[in-house]
Amino acid sequence: MGVDDSLFTADNYDVAVIGGGHAGIEAALASARLGLKTCIFSITLDGVANLPCNPSIGGTAKGHLVREIDALGGEMGRAADRNFIQSRILNRGKGPAVHSLRVQADRQRYHIYMKQVIERQKNLDLKQAEIVEIRAKDGRVESVVTHLGAVHRIKTAILCTGTFLRGRIF
């Protein structure tokens, strides 16, 4: 005999974003700014927008991506501009086609800035929870389940788990 899920149902959302790194934040902000009721789930609130030990944003590959995100109204470029320690143009000894901007950001200030942007965004909730199950019915996503058993009804799930799936792409 199964337990009735309705006893554990939490909030309902149009979109659940799983993961609070660069991709998750941009996906959640885009969704919320489009007017969709959105929730971003992160295993720890201290890990939201956590930069690695070498906190650089930009460079020859990622710099193009940051500019594209910026052109679409994303937040990463603004956060980098507001929280950088130093900036540098790379590859100046080569042709202009490979010149690229890279900034070193203050890890703590960047995290605080991005967390505040999320918390202030209309239509966006930030929850500390590990999503352990995504439920679907008839080929459509229906809900996500947290490690504590809370069930959030959703219409769409966006997985932005970074390296937490053993580096595999699904």
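A few remarks follow.
- Spatially, region 42-71 and region 77-150 are offset by 6 Å when compared through their Cα centroids.
- For region 3-82, the Cα-based Rg and Dmax, in that order, read 15.4, 52 Å.
- Heavy-atom accessible area per residue - the chain, 1.4 Å, Å²: 61 Å²
- The calculated Kirkwood hydrodynamic radius for the chain is 17.3 Å, given to one decimal from all distinct C-alpha pairs.
- Pairs of lysines in the chain whose Cα atoms sit within less than 26 Å of one another amount to 13, provided the residues are eight or more positions apart or on different chains.
- Residue 84 - accessible surface, heavy atoms, 1.4 Å probe, Å² rounded to 10: 90 Å²
- Long-range tail of P(r) for region 92-145 (Cα pairs > 19 Å, %): 64 percent
- When you restrict to C-alpha pairs under 8 Å that are six or more residues apart and normalise by the size of the chain, the relative contact order lands at 32 percent.
- For residue 34, the solvent-accessible surface with a 1.4 Å probe is about 140 Å², rounded to the nearest 10.
- Computed from point charges on the beta carbon alone (+1 for Lys and Arg, -1 for Asp and Glu), the dipole magnitude for the chain about its Cα centre is near 800 Debye.
- Between 0 and 90°, nearest 10: helix 107-120 axis offset from the chain longest Cα axis: 50 degrees
- With the convex hull of its Cα atoms as the shape, region 18-61 has an orientation-averaged projected area of 4.0 nm².
- Sulfur and carbon atoms: percent of accessible area, the chain [1.4 Å]: 53 percent
- Where both bridge residues fall in the chain, DSSP classifies roughly 55% of the beta bridges as antiparallel.
- Overall Cα dimensions of region 44-136 - principal axes, largest extent first, Å: 51, 31, 25
The values are calculated or read from the model by the stated rules, or taken from the named source; none is laboratory data. Predicted model, so just to flag it, every value in this text is computed and none were measured. Note that we place each Cβ from the backbone using ideal geometry, even for glycine, and neighbour counts take in every protein chain shown. The area values use the complete protein model at the heavy-atom level, side chains included, leaving out ligands, DNA and RNA. Shrake-Rupley method; radii C 1.70, N 1.55, O 1.52, S 1.80 Å.
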